[in-house]
Amino acid sequence: MKQAFRVLQIAFTYIGTVVGAGFATGQEILQFFTQFGKWATITIGLSTILFVWLGTKMMLIAHDTESRSYEDLNKHLFGQQAGKWITWVTLLVLIGVNSVMLAGAGSVFVEHLGMHYQTGLLITLVGTYLLLGRGIQAILQMNSIVVPMMLLLSLLMIVSTIHHPAATRFITLTTDANPVRVWLSPLLYSSFNLALAQAVLVPLGSQIRDRNVLKWGGIVGGVGVGFMLMAAHFAMSAYMPGITQFEIPMGSIAFQLGWVVQSIYVSLIFMEIFSTFVADIYGMTLQLKQHVQVPPKLLILTIMLLCYLLSQLGFSSLLSVLYPIFGCLALVWATKLIMNHWGSFRKTGKNQ
């Protein structure tokens with residue numbers, strides 16, 4: 001029973017790391033999958049296989065090589081120099097992504113709670129600092145609360161959509177999109193999200209002693225991500241093409257299901273932002289500790305301050321440059337992960 005609980009903790013942390021604010025709003029799913037109509041069901045299946053396979057493999061490699069941070073993993077995959085360069089690009093993108101997420105947290109407080117933008121930022125930052133004092137256990141426990149609620153919302157979306165007149169559109173929708181773009185989308189989506197998730201999954205893999213727990217946690221987590229992708233695609237397909245006009249397509253569906261579902265949805269958007277922000281700050285701190293000899297709490301405060309300042313200025317212009325570069329690197333990174341034969345360096349006496 002204890003082992004099953006640990007498997008679920010790993011799985012929930014995996015899901016919570018991948019399922020960020022872009023996933024919660026539905027925009028990512030719409031852009032990478034739903035807009036491609038009936039093909040999205042197949043490409044979501046492909047993406048799910050990649051999440052199960054590569055997410056599990058990443059954690060097992062981190063476990064076997066005792067990687068302290070994602071920098072250690074990148075050095076193992078690419079060598080010392082290239083691995084270090086890819087790590088610093090990843091750090092820049094993580095800071096950018098988390099600055100935008102922090103701004104999103106402030107927007108939730110303004111738009112849905114009627115509170116000041118800065119209040120949302122400060123609550124997020126203070127909560128993050130307090131939680132990070134407890135290390136990886138805090139991240140595991142937080143996701144054990146947030147992710148089951150996310151899965152519940154996915155189930156509610158499925159149940160409500162089954163009765164919709166256009167419920168079968170997810171297998172009948174057509175698209176004029178270029179086939180290359182259709183089949184490249186799941187590869188880009190999985191690679192990009194896994195490359196970012198390494199900030200959390202690598203230290204998680206190295207700190208969990210039981211290799212079997214990691215393996216099953218990765219499998220269950222990857223399947224969970226796939227289930228949530230499919231649930232959102234199923235719900236949004238019933239409202240295509242009109243749903244494409246909304247900035248928050250999943251929100252437009254949730255708001256039609258009554259105030260209870262609406263309240264759950266708004267709460268989840270914030271909690272997803274918060275849980276991903278906490279986990280990413282933790283991963284970045286571990287990476288920087290290998291280069292900067294300062295107390296971890298000071299590193300945490302410095303990273304959060306940088307994210308706070310950038311959330312005031314807007315970071316879209318830099319992200320528009322970094323995202324394409326990182327997207328290409330993520331594909332290369334995922335390819336190296338696929339090609340890596342981790343059995344060659346497994347330590348034979350290690351706790352299985």
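The values are calculated or read from the model by the stated rules, or taken from the named source; none is laboratory data. Because the structure is predicted, anything quoted here is derived from the model rather than measured. Neighbour counts are summed over all protein chains in view; Cβ atoms, including those assigned to glycine, are modelled from backbone coordinates with ideal geometry. The area values use the complete protein model at the heavy-atom level, side chains included, leaving out ligands, DNA and RNA. Shrake-Rupley method; radii C 1.70, N 1.55, O 1.52, S 1.80 Å.
Tabulated data
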{"item": "Entries in Lys84/Lys289; Lys75/Lys289; Lys84/Lys336; Lys297/Lys336; Lys57/Lys289 that, when Cα-Cα distance is taken, lie over 22 Å", "result": "Lys297/Lys336; Lys57/Lys289"}
{"item": "Helical contribution to [θ] at 222 nm, DSSP H n ≥ 4, -39,500 (n - 2.57), averaged over the chain, rounded to 500", "result": "-27000 deg cm²/dmol"}
{"item": "Axial C-alpha extent at least 27 Å, average Kyte-Doolittle at least 1.0 - helices from the chain (DSSP)", "result": "39-65, 80-113, 136-162, 259-289, 316-339"}
{"item": "Residues Leu306 and Trp259, FRET efficiency given R0 of 51 Å [Cβ-Cβ distance, rounded to 0.05]", "result": "0.85"}
{"item": "Residues listed by number, region 33-71, amide nitrogen under 16 Å from Ile158 label point at 7 Å toward C-beta", "result": "41-42, 44-45, 48"}
{"item": "Sites Ala167 and Ile123 - FRET efficiency at Förster radius 45 Å, r taken between beta-carbons, to 0.05", "result": "0.70"}
{"item": "Paired Rg and Dmax values of the chain, which use every Cα atom, in angstrom", "result": "19.6, 61"}
{"item": "Over region 171-321, equivalent-ellipsoid semi-axes from the Cα gyration tensor in Å", "result": "33, 22, 18"}
{"item": "For the chain: accessible area per residue (Å², 1.4 Å)", "result": "43"}
{"item": "Positive-pole candidate from Pro203, Gly133, Gly221, dipole of the chain, charges at beta carbon", "result": "Pro203"}
{"item": "Candidates per GluC sites (Glu not before Pro) in region 21-114, loop by DSSP, up to 13 other Cβ within 10 Å", "result": "Glu66"}
